[in-house]
Amino acid sequence: MFEQNRAYWRNLDNAAKMFSAASSPKDTRVFRFYCVLREKVDGTLLQTAVNETIRKYPVFLSRMRKGLFWHYLEKSELRPVVKEEYKEPCSSLYVRDKKTLLFEVTYYRNRINFEVFHALTDGTGATEFLRELVKSYLYLSHQEEGLADVVLSGQMLTVQDQEDDSFSKYYNPDLPKRKKQKIKAYQIKKSRKEYDELKVMEATASVTELLELSRKYETSMTVLLTAAFIYAIHEEMSRMQEKKPVVLMVPVNLRKIFPSDSMLNFFSYIEPGYKFGEGEDRFEDVLKVVKQYFEDHLTKEEVAGRMNETIAFEKHKVLKWAPLILKNPCIKMGAKMAESEVTAVLSNMSAVKMPKEYEMYIERFGVYTSTPRTELCVCSYGDVLTFGFTSRYDSSNIQRNFYRLLKELGIKIHVLEPDYPEEVKPNYEGRKFFKGFSFGCVMTAVFAVMANVIFMPDSLWSLTVAGGIGCMWAVLFTGYSKRYNLLKSVMWELILVTIICIAWDEIFGWLGWSVNYVLPLMCLLVQVSMLIISKVQSHSAREYMIYYVMASVYGMLLPLFLMLVKIITVRPPAVLCVGLSFLFLAALVFFKGKEFKEEMHKKLHV
């Protein structure tokens, strides 16, 4: 591969901007691609293989950062550390404020797992990374036996090719807008697990058998599986629920339509569906409708039109210039509205191919993803096609219906037993603790009110107690939620404590202590704290710059404004705060000017 320096940071592609905004602990937007070998995995050799693979695909060495208008990806000096599987599959990789990579490689027995946050790459990019990783591992394991170091595709790719934003490259603002009728699809209603744990159910089938069945119906395997999935969902619907159609979202790899070597996201989707209750509703009827939908919509014009719509939304002037703090809720709301048009998701990752010399060492590949609903991912290797169902429901009836239908159609299905370490359990201790803490705060406030009413009904001291408890909860909640980034945490605490103190000052009869003394003191204290934190944690200028700027601007402008409008009546503390904050900011510009410009450009890019 041609050597080339990476840019220090880059914009997110169109799909990644949605994933970064909409991800949550219940919908981590993480997917797992794995390879099952015919031998036990050696963790030490796997670490060496990862190190070699990442040299070929350095685009994966990135971490998510937050700007004023958009998130962005920043080059990271962190390196992946291979571990034996230790947590729930598809757990969060993008934890806000936490300094981590957006992918992880683990292993268990004879399985190599590659998990990645969808904002970093899509299924095609993940496939290429895993293929290279598995090849490197097997070569290291068997080179003494004469196994050749075969070159996979993509050896002539530059880093610029890998980081190419193909969405922007093929965006055509002159294409006419498509007319699409908004529909409300049937939504699966099942009881969820207590903490929304991810439920994985896998099975395998013969590619040859599925292809023969597809040829029998004169269609493709993807169309056949889509129809089977829709039919399996319908078996759980009541007559009343048939008023809404069953609609699947089926991702489409745009590289098959538009030439691209990008390792970033580059996909669109179509939404085949079927309205039950209007005919005999046999499987053949569903298959006929789905087949026609694919023929009508899986065209370059249709797919390009849908891609253009999503990019045009991103480039809308109002959304483009809206601050991220306002933009994220809007994107989440839009994603939620889009979910109402889809019942479930089916993603076909197609065939994974490896060099012939390596086939004897590999049993199969598999894939599945985190989801807030029900999703089916499929991929094949050789004659083995792997189904990966994921959901957050207790019921597995839809999965059972799907497998049963394929068996009735003559396909042999082998349901796989879950194979994870016993100690791999979801960790919800933090959520449990905070639930208990919140309940304790509510209980204390209620007891205070009851005591107030019983023993001292003429005063309202319990309201003061409840207010104090509420303030304590807010401060601790802010510290807990921002615990991964102490610089951000102290900045948020500064703003929150300022608001709380001003509120208390006003409630008890305005004396001005909150703005005359607390505000200047807190501003200076926070700036000193940031210096100490940066020194202790050995932060680079790029890591602390934005928080220093925020703290110094806050310490300058707010006291200055309050002095001008004569709310601050005791000037010396405020003047001292404004002057020292200005010097603090000036020092950044004079001594860290390059980093200051870079950071402002990153944070303010649109």
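Within the range 282-301, find all residues whose amide N lies under 20 Å from a label point positioned 7 Å from the Cα of residue 216 along Cα-to-beta-carbon.
Within reach of a label on residue 216, which here means backbone N under 20 Å from a point 7 Å along Cα→Cβ, the range 282-301 contributes 282-292.
Could you calculate the FRET efficiency of residue 86 with residue 454 from 1/(1 + (r/R0)^6), where r is the beta carbon distance between them and R0 is 56 Å, rounded to 0.05?
Values: r = 52 Å, r/R0 = 0.93.
E between residue 86 and residue 454, to the nearest 0.05, is 0.60.
Would you kindly state how much longer the chain becomes between residue 447 and residue 149 on full extension, computed as 0.36 nm times their sequence separation minus their alpha carbon distance, in nm to one decimal? List each step's numbers first, then the result.
On the way: separation 298, 0.36 × 298 = 107.28 nm, distance 7.18 nm.
Separation in residues times 0.36 nm, less the Cα-Cα distance, equals 100.1 nm.
Between residue 184 and residue 301, what length in nm is gained on full extension when 0.36 nm per residue of separation is reduced by their alpha carbon distance?
Working: separation 117, 0.36 × 117 = 42.12 nm, distance 2.48 nm.
That pair, residue 184 and residue 301, stretches by 39.6 nm at full extension.
Under a plain spin-label model, where a point goes 7 Å from the Cα along Cα-to-Cβ, how far apart in nm are residue 312 and residue 333?
With each label point 7 Å from Cα toward Cβ, the separation is 2.2 nm.
For Cα pairs less than 8 Å apart in space and 6+ apart in sequence, what is the mean separation divided by the residue count of the range 288-416, i.e. the relative contact order in percent? Kindly include the intermediate steps, with their values, before the conclusion.
Working: 105 pairs, mean separation 18.9, N = 129.
That works out to 15 percent.
Measure off, as a whole percent, the carbon and sulfur share of the 1.4 Å-probe accessible area of the chain, all protein chains present.
Details: 18010 of 29720 Å².
Carbon-and-sulfur percentage of accessible area, whole number: 61.
Please list 3J(HN,Hα) in residue order for the range 78-92, calculated via the Karplus relation 6.51 cos²θ - 1.76 cosθ + 1.60 where θ = phi - 60°; whole Hz, with x for glycine and proline.
My calculation for the range 78-92 gives 5, 10, x, 10, 6, 9, 5, 3, 9, 8, 4, x, 6, 5, 4 Hz in order.
Could you calculate the FRET efficiency of residue 417 with residue 569 from 1/(1 + (r/R0)^6), where r is the beta carbon distance between them and R0 is 56 Å, rounded to 0.05?
Values: r = 73 Å, r/R0 = 1.31.
The calculated FRET efficiency here is 0.15.
Calculate the FRET efficiency for residue 433 and residue 236 from the Cβ-Cβ distance with a Förster distance of 35 Å, rounded to the nearest 0.05.
About 0.45, to the nearest 0.05.
Report the semi-axes of the equivalent ellipsoid for the range 439-598 in whole Å, largest first, where each axis is √(5λ) for an eigenvalue λ of the Cα gyration tensor. All intermediate terms of the calculation are to be shown ahead of the outcome.
Working: eigenvalues 259, 92, 15 Å².
So the equivalent ellipsoid measures 36, 21, 9 Å along its semi-axes.
Rounded to the nearest whole Å², what accessible area per residue is found for the chain with the 1.4 Å probe?
Accessible surface, normalised per residue, equals 49 Å².
Check each of the chymotrypsin sites (Phe, Trp or Tyr not before Pro) in the range 1-81 and keep only those in coil by DSSP with at most 13 other C-beta atoms within 10 angstrom; list them in order. Walk me through the numbers on the way to the answer.
Working: sites: 2, 8, 9, 19, 31, 33, 34, 60, 69, 70, 72; in loops: 2, 8, 69, 70.
Passing both the DSSP loop test and the Cβ count: 2, 8.
Whole number please: convex hull volume per residue of the Cα set in the chain, in Å³? Intermediate results must be reported in sequence, preceding the final value.
Details: hull volume 122.3 nm³, N = 606.
Hull volume over Cα atoms, normalised by residue count, gives 202 Å³.
Under unit Cβ charges (Lys, Arg +1; Asp, Glu -1), what dipole magnitude, rounded to 20 debye, does the chain have relative to its Cα centre? Intermediate values should be presented prior to the final figure.
Details: 80 positive and 70 negative charges, 373 e Å.
That gives the chain a dipole magnitude of about 1780 debye.
If amide H atoms are built 1.01 Å from N in the plane of the peptide, which residues on other chains or at least 5 residues away come under 5 Å of the amide H of residue 249?
343, 344, 345, 346
Could you work out the equivalent-ellipsoid semi-axes for the range 507-602, taking the square root of 5 times each eigenvalue of the Cα gyration tensor, largest first, in whole Å?
Largest first, the range 507-602 gives 28, 14, 10 Å.
When averaged across all projection directions, what area in nm² does the alpha-carbon convex hull of the range 26-175 cover?
If I average the Cα hull's projected area over directions, I get 11.4 nm².
The values are calculated or read from the model by the stated rules, or taken from the named source; none is laboratory data. Just so it is clear, the model here is predicted, and its values are computed rather than measured. Positions of Cβ are backbone-derived with ideal geometry, glycine not excepted, and every protein chain shown enters the neighbour counts. Note: accessible area is taken over every heavy atom of the protein model, side chains too, but ligands, DNA and RNA are not part of it. Shrake-Rupley method; radii C 1.70, N 1.55, O 1.52, S 1.80 Å.
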